[in-house]
Amino acid sequence: MISMKQCELLVVGAGPAGLGAAIEAARLGVSVLLIDENDTAGGQLFKQIHKFFGSKEHYAGTRGFQIGQALLREASALGVEVMLNARAVGLLDDGSVAVQYGKDLIQIQASKLILATGAKENAITFPGWTLPGVMTAGAAQTFSNVYDTLVGKNILMVGSGNVGLIVSYQLMQAGAHIKGLVEVLPAISGYGVHAGKIKRAGVPIWTKHTVLEAKGKRRVEEVVIGEVDDQRKPVYGTQKTLEVDTILLAVGLTPRVELASMAGCRLGVERILGGHLPVHNQEMLSTKDSVYVCGDLAGVEEANTALDEGRLAGTAAAEALGYSDAKTADKKRCLVEGLHDLRMGTFGEKRLDCKSRVIEKWSCV
Amino acid sequence: MGNKKEHPIVDFVETELVQVTVDGKPLWVSEGKPIAAALLQAGIDVFRFTEKRKAPRSLFCGIGQCNDCVMVVDGIPNVRTCVTRVQAGMVIETQMGLGKLGDINETM
């Protein structure tokens, strides 16, 4: 059955970015419909059981899932309509969005659209990578932290970015044994504070190493790792076999650009931000004047940045719809400055450069 | 791969146990958990075999994006077990290959 639905603002994706967008737009009086393909809102915040860093405005000291709960309460208090199990499957020529809702197809007509579709985890391939027991680090994190299910007992983590480091630590908290981490680069790529936690627990981190092969009949039984040279080619004679039942891949994320691309938003490539992403201006407007983008879709960073990009997109979209108050201009300026601050420091600077380039690309279109 | 006890950070709420059938055998699982989680806890880690090479597959992305963990559930093939929650009486089967279209028509 196909039915129609109308709203002023449709937000696709109820993670931190989508929730931030919906909250700020609703606060200014916009009627907001927030949809998500999952059966719970909050996106990936619900598997983040660690405390966040930063300032009070950025929920420092609060655990990810608690931030998710607070945002959901706020959205519901502001009258945001949340529709779950609703998957945006396509954008039609008239600008409406086709949404699969159970066995029904709903056509949603919105004056403005905010895409907050997030990112997907990358994989690397090696002989045996399709065996049961090889999976993304995020899968293991979700299953352990949300569903109380350990996906393995003896684990090799691939990648030493923050995801690899944090998930290793969280799986140890839940009772798994992390045999070690391999990192193809010459140095650990995540924060020292996260690496310290697992190093102090005696977990080896092998830099300049990669997975050469996963072995096993019906699932992973062992893994062969080896050193790589400066060209990332395996060094003969350095192989080492470890007995593991699980290999987790924490090798980066890629923005989920399908809907943005279908909407006709111009894409750009920024490797540091995850690859292809819709270029946007400082206020998160894409190259289509009714489509805003935010969060990991607009460049993979972290939850606080996603939330503030969402807030900015929501405020800007509300203003474009004719809803603003005396504080709106100030609010946008604060959010833009806050985002700038979140991208300070050794780890943030590269992302800041990329973002400036994205905004420059937008102005050239 | 088994239940964890006493998580140091998260308070997991115990849910009721319900019975499902997995490849013809009865299994008691926690209601409301994703099928994939219930099966992994019961030590079942192969969810399907591929069409061409008959290679085993299991959980991969855990959030319904990759379609690697699909099984036949209540006669419907290609059900994503990582985002489909267990309900009492569900009939869950290891999927062989792509699943049959006829299965869908019968159920619908």
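The values are calculated or read from the model by the stated rules, or taken from the named source; none is laboratory data. Quick caveat, the model's predicted, so the values are computed rather than measured. Note that we place each Cβ from the backbone using ideal geometry, even for glycine, and neighbour counts take in every protein chain shown. What goes into the accessible areas is simple: the full protein's heavy atoms, side chains included, and nothing from ligands, DNA or RNA. Shrake-Rupley method; radii C 1.70, N 1.55, O 1.52, S 1.80 Å.
Is there a residue being under 26 Å from A:Lys215 (Cα atoms) and in contact with a Lys or Arg (Cβ under 8 Å, 6 or more places away or on another chain) anywhere in segment B:21-32?
no
When the criteria are applied in full, A:Thr305 meets the requirement of being polar (S, T, N, Q), free of Cβ contacts under 8 Å to residues at least 60 places away in the same chain and surrounded by 19 or more Cβ atoms within 10 Å (Cβ to Cβ). Any residue at all in segment A:325-333 that's outside any strand (DSSP E or B), of a type outside the set (D, E, K, R) and in contact with a Phe, Trp or Tyr (Cβ under 8 Å, 6 or more places away or on another chain)? No: segment A:325-333 contains no residue that is outside any strand (DSSP E or B), of a type outside the set (D, E, K, R) and in contact with a Phe, Trp or Tyr (Cβ under 8 Å, 6 or more places away or on another chain).
When segment A:148-162 is filtered for residues that are within 19 Å of B:Val10 (Cα to Cα) and either in contact with a helix residue (DSSP H, G or I) (Cβ under 6 Å, 6 or more places away or on another chain) or more than 12 Å from chain B (Cβ to nearest Cβ) (or both), the ones remaining, listed by number, are A:Thr149, A:Leu150, A:Val151.
Candidates B:Leu59, B:Leu39, B:Leu27: the one that is assigned to a helix (DSSP H, G or I) and either more than 8 Å from every other protein chain (Cβ to nearest Cβ) or on the phi < 0 side of the Ramachandran plot (or both) is B:Leu39. Of the residues in segment A:112-136, how many are open to solvent by 20 Å² or more (accessible area, probe 1.4 Å), touching a Cys at 6+ places or on another chain (Cβ under 8 Å) and either in a loop (DSSP other than H, G, I, E, B) or farther than 21 Å from A:Phe46 by Cβ (or both)? Number of matching residues: 0.
Only a single criterion out of (1) more than 10 Å from chain B (Cβ to nearest Cβ); (2) under 19 Å from the mean Cα position of the chain (by Cα); (3) outside any loop (DSSP other than H, G, I, E, B); (4) among the hydrophobic types (A, V, I, L, M, F, W, C) is not satisfied by A:Ala139, namely (1).
Within segment B:68-82, the set of residues being open to solvent by 50 Å² or more (accessible area, probe 1.4 Å) and within 13 Å of chain A (Cβ to nearest Cβ) comprises B:Ile76, B:Arg80.
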